[in-house]
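Heads up: the structure comes next, in structure tokens.
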Amino acid sequence: MSDLQETLVFPQLNKPAPDFSAKTTHGPKTLADYKGKWLVLFSHPADFTPVCTTEFIAFAKAYPEFQKLNTELLGLSIDSVHSHVAWVRTIKEKFGVEINFPIIDDLSMRIAQSYGMIQPGASDTSAVRATFIIDDKGILRAMVYYPMSNGRSIPEFLRLVQALQTSDKHAVATPEGWKPGDKVIVPPPATVAGAEARMKEGYECTDWFFCKKSL
């Protein structure tokens, strides 16, 4: 087993997100800087690569919509801040898109390893396309991994933040493909008496365990 494999760790859902302090294209940043805000932290394999460029352009275009949800964006790759700055400038010059959120310099791979962004089956020297959604209390709420060859769907992460915030606010679950305005799922009862009563509580029920409502 390699030293890298021995040191691999993976964060856990509904636990505090791994802390970090990092140099970024917007100056020093720590996880604590985002307290009170939601955060989408995402890694990419390398600067000046085509798939990553399409993702950063899409994240930049969606950034105002994330901000409306009290959500910030933070990129990361195992490249220097100077490489990040040069890449950001190239994206602005060649594609006409300004990257208005920070990108972490993680040459040491310390943050990438603490978040499980290094996957030996895919790459020992680059972070795969990992995305982490951290809530306003610093708790890791979702994480999604993509292979290095395929780009992410940024609208899905926007939708996921909306779904998580809706679940928190209304104590409900959301069905497949849910988006704002759709009906939500009422958590099923946990007792026989509750199941008996559920069908009479005014929800849109297919059965006692499957009920929806509008918000």
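The values are calculated or read from the model by the stated rules, or taken from the named source; none is laboratory data. Here the structure is a predicted model, which is why all the values come from computation and not from measurement. Every residue, glycine as well, gets a Cβ built from its backbone with ideal geometry; the counts of neighbours run over all protein chains shown.
A few comments on the model shown:
- Test: Gln165 is part of a helix (DSSP H, G or I) and assigned by TED's automatic domain parsing to the domain that holds Glu65: no
- Qualifying residue in the stretch 122-135 (condition: at pLDDT 95 or above and assigned to a loop (DSSP other than H, G, I, E, B)): yes
- Some residue of the stretch 41-62 being farther than 29 Å from Gln162 by Cα, of a type in the set (A, V, I, L, M) and either surrounded by fewer than 22 Cβ atoms within 10 Å (Cβ to Cβ) or assigned by TED's automatic domain parsing to the domain that holds Ile139 (or both): no
- Within this structure, Arg141 fails the test of being surrounded by 16 or more Cβ atoms within 10 Å (Cβ to Cβ), under 25 Å from Pro50 (Cβ atoms) and touching a residue at least 40 places away in the same chain (Cβ under 8 Å).
- Residue within the stretch 78-96 that is in contact with a Lys or Arg (Cβ under 8 Å, 6 or more places away or on another chain) and among the hydrophobic types (A, V, I, L, M, F, W, C) present: yes
- Selection status of Thr90, without any contact (Cβ under 8 Å) to a residue 60 or more places away in the chain, assigned to a helix (DSSP H, G or I) and surrounded by 15 or more Cβ atoms within 10 Å (Cβ to Cβ): no
- Residue list for the stretch 62-83, restricted to those being in contact (Cβ under 8 Å) with a residue 60 or more places away in the chain and in a helix (DSSP H, G or I): Ala62, Glu65, Phe66
- Residue in the stretch 28-40 that is buried (at least 19 other Cβ atoms within 10 Å of the Cβ), under 21 Å from Pro147 (Cα atoms) and modelled with pLDDT of 95 or more present: yes
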